[in-house]
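Remarks on the structure that follows.
The values are calculated or read from the model by the stated rules, or taken from the named source; none is laboratory data. Please read these numbers as outputs of a predicted model, since none were measured by experiment. A quick note on method: Cβ atoms are made from the backbone with ideal geometry, for glycine too, and the neighbour counts reach across all protein chains shown. Note: areas computed on protein heavy atoms with side chains; ligands, DNA, RNA excluded. Shrake-Rupley method; radii C 1.70, N 1.55, O 1.52, S 1.80 Å.
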Amino acid sequence: MSLDATALHGKRERQTESAESAAGPLAGRRVLVTGAASGIGAAIARALAARGAAVTLADRDAPALESVAALLAEELPDAAAAVPWVVDLLDTGALSNERLDFDILVNNAGIQKIAPIEEFDPADFRRILTLMLEVPFLLTRAVLPGMYERGFGRIINVSSVHGLRASPYKAAYVSAKHGLEGFSKVTALEGGPHGVTSNCINPGYVRTPLVERQIADQARLHGIPEAEVLSRVMLTESAIKRLVEPEEVAALAAWLASDDAGMVTGASHAMDGGWSAR
């Protein structure tokens, strides 16, 4: 489904009404989280809602999105409304001329494709860069005017250790994340005088469906059993030998969204168990 600005406007009005009665450090703040149907996005949505924010959950997976919204309503009955926005963000034409009124934007939606460069489908390369670099640009472009008017804004880009380091077989993903790092810094420089911060979160491998789906591909490419992928591929560079939990990423996102992080901008916050310390 493409973007429905009219319906979304109505949902935001209901969110604002709910936010007025919500308590917490983010009470009254309106948040958009992309890729919110599972994994990191769902965890961030929950963390921000628990702190009083009115959260819009954006994803193309309608059933999963409705489940997350229902779960938040059940777990956090006193929180502001969490509304699902079923949207195909790859329909970039629907985003190009939009203005969206949110105080906090979390660019999280992502996909992965693992293959050697010579076998990498150009269509997959373009699709990954569109979703993970062009879409954050378009959404940031859409929210900045309102943030500038209000003198407050938080852009939180869920990047990756692969925004700081490279790995083989991930040409598109690494390229997109490196691009997101640069875009986030430009946003920080432009937004600073207007009260808008922009930061990246750089986790290592997180316990999510996206990572779980990589295990079979990594086993095939490296010629090893799936049971050995974590120890021999994914965690070899990390000093802490475990996956990052989505809730850990969400806790950092919640702090970056807060007033306490008002002087933190243009930064890349590694949460990779020491991978990027090498």
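Taking the listed residues Ala277, Ala253, the one that is of a type in the set (A, V, I, L, M) and open to solvent by less than 60 Å² (accessible area, probe 1.4 Å) is Ala253, with no other qualifying.
Of all the listed residues (Leu48, Leu57), the sole one being part of a helix (DSSP H, G or I), at pLDDT 95 or above and in contact with a strand residue (DSSP E or B) (Cβ under 9 Å, 6 or more places away or on another chain) is Leu48. Any idea which of Asp121, Asp88, Asp103, Asp78 is of a type in the set (Asp, Glu) and open to solvent by less than 20 Å² (accessible area, probe 1.4 Å)? Just one listed residue meets the conditions, Asp103. Has the stretch 113-136 got at least one residue that is touching a residue at least 60 places away in the same chain (Cβ under 8 Å), touching a Leu at 6+ places or on another chain (Cβ under 8 Å), part of a loop (DSSP other than H, G, I, E, B) and closer than 27 Å to Glu247 by Cα? The answer is yes; a qualifying residue exists.
Evaluate the stretch 211-234: report whether one residue or more is open to solvent by 50 Å² or more (accessible area, probe 1.4 Å) and closer than 20 Å to Ser38 by Cα.
Kept after step one, since they are open to solvent by 50 Å² or more (accessible area, probe 1.4 Å), are these residues of the stretch 211-234: 212-213, 217, 220, 222-223, 225-228, 230-232.
Next, from what is left, pick out any that are closer than 20 Å to Ser38 by Cα: 212-213.
Checked against the condition, which is being open to solvent by 50 Å² or more (accessible area, probe 1.4 Å) and closer than 20 Å to Ser38 by Cα, the stretch 211-234 yields at least one hit.
Listed conditions (1) more than 24 Å from Gly35 (Cα to Cα); (2) within 20 Å of the chain's Cα centre (by Cα) are all met by Ala250, apart from (1). Number of residues in the stretch 165-210 that are part of a loop (DSSP other than H, G, I, E, B) and open to solvent by less than 50 Å² (accessible area, probe 1.4 Å): the value is 6. Entry remark, the stretch 91-100: residues being crowded, with 19+ Cβ neighbours inside 10 Å and either assigned to a helix (DSSP H, G or I) or at pLDDT below 95 (or both) number 1 in total.
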